[in-house]
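Where a number appears in this text, it was derived from the coordinates with a stated rule and is not lab data. This one's a predicted model, so the numbers in the text were calculated from it and none came from an experiment. Glycine also receives a Cβ, built like all others from the backbone with ideal geometry; neighbour counts cover every protein chain displayed.
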Amino acid sequence: DTGVSQNPRHKITKRGQNVTFRCDPISEHNRLYWYRQTLGQGPEFLTYFQNEAQLEKSRLLSDRFSAERPKGSFSTLEIQRTEQGDSAMYLCASSLSGTGTYFGAGTRLSVL
Amino acid sequence: GNSVTQMEGPVTLSEEAFLTINCTYTATGYPSLFWYVQYPGEGLQLLLKATKADDKGSNKGFEATYRKETTSFHLEKGSVQVSDSAVYFCALILTQGGSEKLVFGKGTKLTVNP
């Protein structure tokens, strides 16, 4: 059990570019979550997968954001046409029912 | 709606001082309550939890009691150490349709000086 892994740890991009982040959850966990954390705030829920099915999306997730979990294992979060307001820490978490939610170290996105 | 309010920081204490970080919540139903800690450069780690009224969660000398009558879950530690310096988040969990979605407070930054 190596914990939740996120890559890259840091991403700097120019406004208008597309970026993609990857999350590898704890191997036996069937639930996967994406959260966003801005400076001085707590994490905010973005979306949730159970196995490969995306079951819930927050209103925070505009149509420029898309998340996938194609085989029920790793997940990707893509942001198209990035804006400066997208600058934040993107956190991935995983869980197995009733056992607690475990977070990765996050990907810090800076949009210039 | 469902929300968590925690005391604003930053909080600065000397080593061995007593710590209290206040947390209150608003929720429909009876949520489970959590404290997470985030050390510099690291992800969130679960510190302690309580799943029903009057439960006390504890870990590493930290404690918090689920108080339904005051909708509170205050974090306490009798004697803080420099290594406790971190950001602390109070959170509740909403269970709906199988999802366990966490709702977080804004966080309280704690600095402990030697």
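Scanning the range B:83-114 for residues that are at the interface with chain A (Cβ under 8 Å from one of its Cβ atoms) and not in a strand (DSSP E or B) yields a total of 5. For the range B:27-51, the set of residues classified as under 14 Å from A:LEU91 (Cα atoms) and out of contact with any strand residue (DSSP E or B) (no Cβ under 9 Å at 6 or more places or on another chain) consists of B:GLY41 only. Among residues of the range B:25-70 being polar (S, T, N, Q) and in contact (Cβ under 8 Å) with a residue 12 or more places away in the chain, the one that is surrounded by the most Cβ atoms within 10 Å (Cβ to Cβ) is B:GLN38. If you go through the range B:69-82 one residue at a time, do you hit one that is hydroxyl-bearing (Ser, Thr, Tyr), within 23 Å of B:SER14 (Cβ to Cβ) and not in a loop (DSSP other than H, G, I, E, B)? Scanning the range B:69-82, I find no residue that is hydroxyl-bearing (Ser, Thr, Tyr), within 23 Å of B:SER14 (Cβ to Cβ) and not in a loop (DSSP other than H, G, I, E, B), so the answer is no.
For the range A:55-66, state whether one or more residues are of a type in the set (A, V, I, L, M) and closer than 20 Å to B:GLU42 by Cβ. No, the range A:55-66 contains no residue that is of a type in the set (A, V, I, L, M) and closer than 20 Å to B:GLU42 by Cβ. Between A:ILE26, A:ILE79, A:ILE12, the distinction of being of a type in the set (Val, Ile, Thr), touching a helix residue (DSSP H, G or I) at 6+ places or on another chain (Cβ under 6 Å) and either surrounded by 13 or more Cβ atoms within 10 Å (Cβ to Cβ) or away from chain B (no Cβ under 14 Å) (or both) belongs to A:ILE79 only. Within the range A:100-112, can you find the residues that are within 11 Å of another protein chain (Cβ to nearest Cβ) and touching a residue at least 24 places away in the same chain (Cβ under 8 Å)? If the condition is that a residue be within 11 Å of another protein chain (Cβ to nearest Cβ) and touching a residue at least 24 places away in the same chain (Cβ under 8 Å), then A:THR101, A:TYR102, A:PHE103, A:GLY104, A:ALA105, A:GLY106, A:THR107, A:ARG108 are the ones that fit.
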